[in-house]
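Some notes on the structure that comes next.
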Amino acid sequence: MPADGKMNRGRSAGPENRRALIAAAREVFAEGGFAAPLSAVARRAGVGQGSLYRHFPDRIALALAVFDDNITDLEALRDRPDARMSDLFDEISEQAIASTALIDMISTERHDPRAEELGARVSAVVDAVLVRDQDAGRIRASVTGGDVMLAVSMLAFLLSRTDHDERPAIAERARRIFREGFATDPDVSA
């Protein structure tokens, strides 16, 4: 057995290692944010750093694999004809309560084409739901997708600096503030 305690299981372990790395990265990013050490991901997955970099040559490649599911969930919500901005905000808030790393990545790596693509997918979801709510008269016409993205980024920044058990209360307060700022009638769920 090698000195580091990790056995080389060969190429056949590749798919299993990839799944383990993604699961470990989801946990490590949730605990330590997007800047968490990648060595912690490899350690938690039970693989060497070489295996990590064979599957994911850099932090963004790993993050894309982790966060693609989050974006897919948002896109599924967008495709529901009854989905409102409040539903979208709730879903994004739940994702941010669990881990602020997605928003961190989109904002800190905004010039990387891969992060831009994820950001564009989130923006497309926001824009579609926003137009639907504006057409229904629930959100003021002056509100832009950029306004919503800024609000979400501000929430993610705040949540990343808040103890995990306090995040739900902060997200609820933010939702009330955004509703009052964006909705045509803040007393109606927008």
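The values are calculated or read from the model by the stated rules, or taken from the named source; none is laboratory data. The structure displayed is predicted, hence computed values, not measured ones. All Cβ positions, even for glycine, are placed from backbone atoms using ideal geometry, and neighbour counts span all protein chains on display. Side chains are part of the model used for accessible areas, which takes the heavy atoms of the whole protein and leaves out ligands, DNA and RNA. Shrake-Rupley method; radii C 1.70, N 1.55, O 1.52, S 1.80 Å.
Here are a few things to note about the model shown:
- Derived scalar couplings ³J(HN,Hα) [the stretch 83-92; Karplus, 6.51 cos²θ - 1.76 cosθ + 1.60; whole Hz; x for Gly, Pro]: 5, 10, 4, 5, 5, 5, 4, 4, 5, 5
- Accessible area of the chain belonging to carbon and sulfur atoms, whole % at 1.4 Å probe: 53 percent
- The stretch 14-41 and the stretch 117-164: distance between their alpha carbon centers, rounded to Å: 27 Å
- Loop-resident sites, the stretch 118-190, for trypsin sites (Lys or Arg not before Pro), counting at most 15 other Cβ within 10 Å (DSSP): 140, 161
- Calculated [222 nm] ellipticity per residue, helices only, for the chain: -22500 deg cm²/dmol; basis is -39500 (n - 2.57) per DSSP H run with n ≥ 4, divided by all residues, nearest 500.
- 3J(HN,Hα) along the stretch 133-143: 5, 5, 4, 7, x, 8, 10, 4, 5, 6, 6 Hz, from the Karplus curve 6.51 cos²θ - 1.76 cosθ + 1.60 with θ = phi - 60°, whole Hz, x for Gly and Pro.
- Per residue accessible area in Å² of the stretch 1-132, where ligands, DNA and RNA are left out and the probe is 1.4 Å: 50 Å²
- Principal semi-axes in Å for the stretch 10-135 [√(5λ), Cα gyration tensor, largest first]: 30, 14, 13
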